Amino acid sequence: MRPSGIGWMPAELNLRRRARRELDLDPRLTRRVLEAFIRDEIEKFGIQRAVVALSGGIDSAVSCALAARAFGPERVLAVLMPYRTSNPASRGDAETLVDQLGIPSRLIEISATVDGLLGELDDDPGPLRRGNIMARARMIALYDQSEAFGGLVVGTSNKTELLLGYGTQFGDMASAVNPIGDLYKTQVRALAAALDIPSAIREKAPSADLWVGQSDEDELGFDYETADQLLFLLIDEMYAPADLIADGFDPDLVHDLQRRVVRSQFKRRLPLIAKLSNRTIDRDFRYPRDWGR
Amino acid sequence: MQDFRLALAQIRPALGNLEHNLALHLDNIERAATGGADVVVFPEQSLTGYFLSDLVPDVALPRDDARLDSLREASRKIDVVFGFVEETSDHRFLPAAAYLHRGEFVHVHHKVYLVTYGLFDEARDLAGGGAVRAFNTPFGRQAMLICEDLWHPTTAGIVAADGADVILGLSSSPGRGVAGGTHELGSAETWRAINRLYASLHVCYVVHCNRVGFEDGVNFWGGSEVVGPDGEVLARAPDFEEALVFATLADAPLRRQRTRLPLRRDENVTLNGREFARIAAQRHWLDAG
């Protein structure tokens, strides 16, 4: 037992409760900011269109719906890129959303591309490498559609997966603007409900769908709700791991998350440049991306 | 204080684009004048945009720069309060707020509290000011403070003690905090509390002009407002949208509220000065370790 701002109570209830309360999103306000963000940060570059890789999952559904509201449905292209082992239900869910939003869509199978590349390998790449190849094949197709449609790529990586490094660098992590990168997974869910994303998309188990039966939470070994609470307390509220353990969170999980965040830091940064001159890009040559805009 | 009409120009400047922003100022000044304003107030760094980094030396201007002539000219019609980055003769760059009247600089305030934490990195590129002063205008005694200055309650206390009837706050406040069970941005909630508190406790008008738009993904939330000496919001611009909002600042409410609540009369400036001098002397030794 220790004192807290809300009277005496078992300590482990406090931080968990605090995280739950502080993660509770105002969807109306969030939508307003994010729709304006997409419009503003793309229009500055003289472009009024967007492309989104729509997987059938909740993250891309939310990004797509936000973009459709920001620009109007006819200006947003959904790109569906299944592989032959992708769950057919994912494609069905993506198509339901396309119909609901009334946006144009484009189906690009990546099986031939991926299998072609896999056929060139002389070893068994295993599920991780295969997953990365699929994610990067999708990126190639998506950026081609960006050029063809004349729209910028709207990202679909949420804060939880970005912090955990649970994504493919230069694959699904690639985008021009990302409206949901500062929202934890559970916050994306709250926003999805406010955006009327079909319940089939909102209620299914999160999956990268890189192999049959894959489940994010099984693969990661923890559930998103707990991970979000812990990451929020560690990152946003700057609690030390010891504070969280003292508060009743599983020590192994706290350390595991902490390690994942540190280990994946490279994915969240541009490639390192060897410093030689007095003014090195991004180190001491620091201009905003919105330079002059 | 002479009664006057004030316009809040809640604009969306382009980052590092003086030409674009000058045109934006002239348009808003014109519309403010047409709307009967005596004074128009712009946000922090309204002429340059906010997250400048290495753009600072490209957009900094000495106050006699010819590129400011059109603004000075426009101030022959109504008074203009705007934000820019001032370059001194020894080539320091200071975030500045200027009060223009009939083509002349009545006063320039340099931001005294540069903000260098979290998402801010001002002290890398900018130098801070060294004075906090109220000044006389045709419309009463006023003072300008810039954004982070107002997060230090002492600055508002100083300008109130210096006789400011109107505190003009110029901001580029990033919107953040969309969760936690609140229905407005966390940053907006704090600013509204600050504005009401200063107006009520210093028994003066607080004018807060904040910008809108995005820079590198960061939103500026707007919500510019004028708060009267009783803490009542007299005018407020919408959140997130460009706007030009008018309010009348009159002497009668100042008189009435200062009669009811003579906090300003009773403020003991001598005591404050003595105690701050003592603390500063002690801090000198503390800071030196």
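Quick notes on this one:
- Counting 0.36 nm for each residue step from A:A194 to A:L107 and taking away their Cα separation leaves a gain of 28.6 nm.
- A simple spin-label model places the labels of A:T96 and B:D230 5.6 nm from each other, with each point 7 Å out along Cα-to-Cβ.
- Value of relative contact order over segment A:11-268, rounded to a whole percent, pairs C-alpha under 8 Å and six or more apart: 24 percent
- Pairs of Cα atoms nearer than 8 Å and 6+ residues apart set the relative contact order; for segment A:191-293 it is 11 percent.
- Note on B:A277/A:M238: beta-carbon distance plugged into 1/(1 + (r/R0)^6) with R0 of 35 Å gives a FRET efficiency of 0.45.
- Alpha-carbon centroids, segment A:167-192 and segment B:1-34: separation in whole Å: 37 Å
- Under 5 Å between amide hydrogens, built in the peptide plane, is the criterion, and for A:V51 it picks out A:L77, A:L152, A:V153, A:V154 among residues at least 5 positions away or on other chains.
- Packing-based exposure ordering (other Cβ within 10 Å, fewest first) of B:S171, B:S70: B:S70, B:S171
- Computed [θ] at 222 nm, deg cm²/dmol, chain A (DSSP H ≥ 4; -39,500 (n - 2.57); rounded to nearest 500): -15000 deg cm²/dmol
- Candidate aspartates and glutamates for bridging to A:K159, where Cα separation is under 14 Å - those fewer than 8 sequence places away on the same chain excluded: A:D59, A:D172, A:D182, A:E225, A:D228, A:D236
- Segment A:11-268 - convex hull of alpha carbons, volume per residue in Å³: 127 Å³
- Reducing segment B:36-109 and segment A:198-272 to their Cα centroids gives an inter-centroid distance of 47 Å.
- Largest first and in whole Å, the equivalent-ellipsoid semi-axes of chain B read 26, 24, 20, each the square root of five times a Cα gyration tensor eigenvalue.
Every number in this text was worked out from the coordinates using simple rules, so none of it is lab data. These numbers come from a predicted model, not from an experiment. With ideal geometry, Cβ positions are generated from the backbone for all residues, glycine too; neighbour counts draw on all protein chains shown.
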